[in-house]
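The values are calculated or read from the model by the stated rules, or taken from the named source; none is laboratory data. No experiment lies behind these values; they were computed from the predicted model shown. A quick note on method: Cβ atoms are made from the backbone with ideal geometry, for glycine too, and the neighbour counts reach across all protein chains shown.
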Amino acid sequence: MEKHFKYQFAIVMFLMFLIGISSIYFLANNYFTTKNMYEHPYRVSNELKTFKISVQQIHLASSVSDNIDFRKVGQQDAANRGSLKNIATYYLGEKRDVDNVIHLYEQWLSLRVYARDITLPTSSDDETRVFNQLILAVNKLSLFADNKASELYEKATNDAFFSAIYIGISLIAAGIVAAFLFWHAFKDLREIAANRKQYRFLIDQNVMIAAINDEGKIFEISNHLSRYLSMTKEDLINHQIRDVFFAGEDILFNEMWQDVKSGATWNGEIKLINEGESKWLGIDVLPMQGSDYSYSGFRLLARDITNRKSLEHISITDTLTGLLNRRTLDDTLDRATRIAQRNKEPVTIAMLDVDFFKQYNDTYGHAAGDNVLTGIAEVFSGMLARANDFVFRVGGEEFVIIFNSKDVASSKEYIDKIRQAVRDLEIAHEKSTVDSCITISIGGVFFDGKGATDGQLLLSDADANLYRAKEKRNHSVQTVLGKPVVVEIEAKA
């Protein structure tokens, strides 16, 4: 559409250019015609009139008195010769006509004035004949000059009239074309405005988008996003983005805000709890640039990824217990280790195994064994329900837990509480050699967040400690990373 407007503008400018060039041409033509008229015929005519008057004055002065004022005649003769020179220069007719006038003038002047000298013979008849011939020759030049002036005047008048008609018609045509193009452009602009309004409506109803100012407040939000949040636009305007989308996620919000304030685009996923229903949003927050390329405010684009997260949850969740499965253990373990190192916060990794579980299945059946696993999973989920707690089922009766504790003592104590909580379920197990109920063995490792390590090394230490705990069964064995001393927590009856 912008290209179309450029073509229309180019057409109008081209027409204006043609009209301008044509107008300049006609004005220049009229100017030179008028200049020729005044510089040639009019000037020649005026010079001839002056010359004719001067000749008649000399003729008259020499007729009434024999005492001629030769000084005055000489002045008039000089003026006449100047007029004849100008006439010869600007006369547009045959040059021989001007030469004839010059010849007759010199002949007449010699007969009329200078022949009165006693040394020069003269004849009145000759002087009269030459005078009459001179006047006739001057009249001939004057007639030609007047006719030429009339011709140029008529041409200038016709050119001016034609120029006025041409310019008028051109302006009318250009006006019609410009009006048509303007109407067409106006029609296109109305169509664009209508389409833009329709697009805005479609975006408002079908796209989850919000505009955020530099202070982090929402100043515009689409109906689709407000409906998704089960709130009205009025309730969301002027609310902080942190309260609406990042409630309880201070670390995630600070990470996002730091990125977008630096001019980068932030991408992430957030979980919303709305009327007891969990929803997941994929969010892109990007800075908005003004016409001067400076950043001013931000755009938030959201999309519902609840179904995808549900599928992901299914793919990473153990179908029997509902716990996380082995697939996500490595990533979660590495991430938890990096966070601990970055924040200098302790983390505990532990592996858990149900004692004599094969014998239980052989005695009570696999259905009963599944009930044992789900019951134990409920205990783990209830005791490890914080945001940074994770529980995995990594094998038949093996589990891995990750949790934070303030020091090694509280970590040891909590591991044993978990072991005791399983014992307190009092699930009968007559084939167990250490107790009459289902028990578990735990191998853990405490990492204080200081020093270099990785998640796999921690998991390896936890697995080694589980092996030590299973030597006695219903035991918890935990070590501190970097310390060789093995601490055993005896089973409590």
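Among what's in the stretch 130-173 and is closer than 18 Å to Leu84 by Cα and either at pLDDT below 80 or β-branched (Val, Ile, Thr) (or both), pick the residue that is nearest to the chain's Cα centre (by Cα).
The qualifying residue nearest to the chain's Cα centre (by Cα) is Val138.
Just checking, which of Lys155, Lys187, Lys197, Lys233 is among the basic types (Lys, Arg) and either within 30 Å of Asn254 (Cβ to Cβ) or in the same structural domain as Phe253 (by TED's automatic domain parsing) (or both)?
Answer to the check: Lys233.
Here are Glu215, Glu220: which of them is of a type in the set (Asp, Glu), under 30 Å from Lys279 (Cα atoms) and out of contact with any helix residue (DSSP H, G or I) (no Cβ under 9 Å at 6 or more places or on another chain)?
Of the residues listed, the single one that is of a type in the set (Asp, Glu), under 30 Å from Lys279 (Cα atoms) and out of contact with any helix residue (DSSP H, G or I) (no Cβ under 9 Å at 6 or more places or on another chain) is Glu215.
Considering only the stretch 381-414, how many residues are within 58 Å of the chain's Cα centre (by Cα) and farther than 16 Å from Thr319 by Cα?
Of the residues in that region, 21 qualify.
Is it true that Leu425 is assigned to a helix (DSSP H, G or I) and either loosely packed, with under 13 Cβ neighbours inside 10 Å or assigned by TED's automatic domain parsing to the domain that holds Leu324 (or both)?
no
Looking at Leu320, Leu286, Leu352, which one is surrounded by fewer than 18 Cβ atoms within 10 Å (Cβ to Cβ), of a type outside the set (S, T, N, Q) and under 30 Å from Lys431 (Cα atoms)?
None of the other options fit; the residue is Leu320.
Has the stretch 437-458 got at least one residue that is of a type in the set (D, E, K, R) and outside any loop (DSSP other than H, G, I, E, B)?
No, the conditions are met nowhere in the stretch 437-458.
Per-residue answers, yes or no, for (1) surrounded by fewer than 23 Cβ atoms within 10 Å (Cβ to Cβ); (2) over 24 Å from Thr363 (Cβ atoms):
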position: Ala421; (1), (2): yes, no
position: Thr433; (1), (2): yes, no
position: Ile440; (1), (2): no, no
position: Gly449; (1), (2): yes, yes
position: Ser460; (1), (2): yes, yes
position: Tyr467; (1), (2): yes, yes
position: Glu471; (1), (2): yes, no
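Looking at Leu181, Leu225, Leu189, which is the one that is free of Cβ contacts under 8 Å to residues at least 24 places away in the same chain, surrounded by 11 or more Cβ atoms within 10 Å (Cβ to Cβ) and either within 25 Å of the chain's Cα centre (by Cα) or in a helix (DSSP H, G or I) (or both)?
Leu189
Given the criterion free of Cβ contacts under 8 Å to residues at least 60 places away in the same chain and out of contact with any helix residue (DSSP H, G or I) (no Cβ under 8 Å at 6 or more places or on another chain), identify the matching residue among Ala377, Ala340, Ala368.
Ala377
Starting from the stretch 391-409, keep only residues that are assigned by TED's automatic domain parsing to the domain that holds Phe380, then list their pairs with residues that are surrounded by 17 or more Cβ atoms within 10 Å (Cβ to Cβ) and basic (Lys, Arg) whose Cβ atoms are within a distance under 8 Å, requiring at least 6 positions of separation or different chains.
From residues that are assigned by TED's automatic domain parsing to the domain that holds Phe380, the pairs are Phe399/Arg393.
So which residues in the stretch 266-291 are modelled with pLDDT under 90 and polar (S, T, N, Q)?
The answer is Asn274, Ser278, Gln289, Ser291.
If Phe51 satisfies all but one of (1) among the aromatic types (Phe, Trp, Tyr); (2) buried (at least 17 other Cβ atoms within 10 Å of the Cβ); (3) at pLDDT below 85, what's the number of the condition it fails?
(3)
Any residue in the stretch 64-82 that is at pLDDT below 75, assigned by TED's automatic domain parsing to the domain that holds Leu104, assigned to a helix (DSSP H, G or I) and surrounded by fewer than 16 Cβ atoms within 10 Å (Cβ to Cβ)?
yes
Taking the stretch 295-313, which residues are part of a strand (DSSP E or B) and at pLDDT 85 or above?
Of everything in the stretch 295-313, those that are part of a strand (DSSP E or B) and at pLDDT 85 or above turn out to be Gly297, Phe298, Arg299, Leu300, Leu301, Ala302, Arg303, Asp304.
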